[in-house]
């Protein structure tokens, strides 16, 4: 299966290591803190005591481990196009299973009508404009009648780099942020703004939209920015490794990364909108 995410970023076990910020797990927790909930209140009120919950593009399975804290006896299943970031099987609780699945293709029949809720977050780097509608349709088939699809994406097109203090510096953060967003603009332009229409077209009703600022909890600004700046630098290094014509040298990237971190320490931070879109399958 083609892995569009790996074309723009990378999959490596270092993504999960705590001493490298545990970027994906930390990102999940920071975004969740700013959203204010793991599952939208409208979803929670519909769930049975021991729900069947799926997570698409599960990566490290962070959402499922967090969901297990709320529903210890739930049936939890995670799916991803690549198993590269899956925890080891002996690290999984007995009610949590992970498997390979490409949600751009129709889901196997044994998954049809199985889940009370299917969760998706930040799949944008692995999606093209034409992938969104089929993915929503495929996930809708996985829902039980009355089940919810909850999908979170971010408006990185509107990403801002702001200074927190009068003397804060922000130029390097802005330079790398613009380069990254412009390179992935073909992906970042969709999803956060098109998902409601795709859910309605798939027959989900009601469709609920919640929009939250990435720095709603101001105390998360520094750690969110440090976490977020890793993505453009990982992308830049990947482009250099592949010999892209306009790529910088590794030495130049290292220098810019140090400057960007200094800017964060001076008080500069990022801000973008987080979109939570929920749609319910009719009973």
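Values in this text are rule-based calculations from the coordinates and carry no lab data. Only a predicted model underlies this, so the values are computations on that prediction, with no experimental measurement involved. Here the Cβ positions follow ideal geometry from the backbone for every residue, glycine too, while neighbour counts run over all protein chains shown.
Under the 0.36 nm per residue contour assumption, what length would be gained going from the current alpha-carbon distance of residue 250 and residue 33 to full extension? It would help to have the intermediate numbers written out before the result.
On the way: separation 217, 0.36 × 217 = 78.12 nm, distance 3.38 nm.
Difference between extended and current length: 74.7 nm.
Please give the direction-averaged projected area of the C-alpha convex hull for segment 77-170, in square nanometres with one decimal.
Numbers: hull surface 38.1 nm².
Averaged projected area of segment 77-170's Cα convex hull equals 9.5 nm².
Mind jotting down the distance between the C-alpha centroids of segment 79-153 and segment 187-213, whole Å?
Each part's Cα centre sits 16 Å from the other's.
Among 196, 145, 245, determine the one that fluctuates most according to a GNM of the chain built with springs between C-alpha atoms less than 10 Å apart.
245
Percent relative contact order of the chain, based on C-alpha pairs within less than 8 angstrom and at least six residues apart?
On the way: 504 pairs, mean separation 66.3, N = 283.
Relative CO of the chain lands at 23 percent.
Compute and list, largest first, the equivalent-ellipsoid semi-axes of segment 162-242 from the alpha carbon gyration tensor, each √(5λ) rounded to a whole angstrom. The partial results should precede the final answer.
Working: eigenvalues 180, 84, 21 Å².
Semi-axes from the Cα gyration tensor: 30, 20, 10 Å.
What would the Debye equation give as log₁₀ I(q)/I(0) for segment 209-278 at q = 0.18 Å⁻¹, counting only Cα atoms as equal point scatterers?
Once normalised to I(0) and log-transformed, intensities are -0.77.
Set the Förster distance to 41 Å, then compute FRET efficiency between residue 193 and residue 262 from the Cβ-Cβ distance, nearest 0.05.
Numbers: r = 34 Å, r/R0 = 0.83.
The calculated FRET efficiency here is 0.75.
Identify the residues of segment 223-249 with backbone N under 20 Å of a label point that sits 7 angstrom from the Cα of residue 162 along the Cα-to-Cβ direction, or state none.
223-230
What order do you get for 198, 186, 112, 40 when you list them from fewest to most C-beta neighbours inside 10 Å? Before the final figure, lay out the partial values.
On the way: 198 22, 186 11, 112 15, 40 19.
Sorted ascending by nearby Cβ count, the order is 186, 112, 40, 198.
Could you tell me the calculated FRET efficiency between residue 213 and residue 100, based on Cβ-Cβ distance and R0 = 35 angstrom, to the nearest 0.05?
On the way: r = 35 Å, r/R0 = 0.99.
Between residue 213 and residue 100 the formula returns 0.50.
Would you mind ranking 123, 255, 173, 238 by Cβ crowding within 10 Å, fewest neighbours first?
Numbers: 123 22, 255 13, 173 25, 238 16.
Lowest to highest Cβ neighbour count: 255, 238, 123, 173.
Helix 250-265 sits at what angle to the longest principal axis of the chain, using alpha carbons and giving 0 to 90 degrees rounded to 10?
Around 80 degrees separate the two axes.
What's the whole-number percent of alpha carbon pairs in segment 72-118 lying beyond 14 angstrom?
Details: 624 of 1081 pairs.
Counting every Cα pair in segment 72-118, those more than 14 Å apart make up 58 percent.
Between residue 88 and residue 205, what length comes free when the chain is fully extended (0.36 nm per residue of separation minus the Cα-Cα distance, one decimal in nm)? The partial results should precede the final answer.
On the way: separation 117, 0.36 × 117 = 42.12 nm, distance 3.77 nm.
Extra length available between residue 88 and residue 205 comes to 38.4 nm.
Could you list 265, 239, 229 so that the one with the fewest beta carbons within 10 Å of its beta carbon is first and the one with the most is last?
Details: 265 13, 239 18, 229 22.
Ranked by crowding around the Cβ, least crowded first: 265, 239, 229.
With angles folded into 0 to 90 degrees, how steeply does helix 171-183 sit against the dominant principal axis of the chain? Use alpha carbons for both and round to 10.
Its long axis makes an angle of about 50 degrees.
If you fit an axis through the alpha-carbon atoms of helix 132-142 and take the longest principal axis of the Cα set of the chain, what angle between them do you get, 0 to 90°, nearest 10?
40 degrees
Measure of size requested: the Rg and Dmax of the chain, with Cα atoms as the atom set and Å as the unit; please supply both.
18.9, 59
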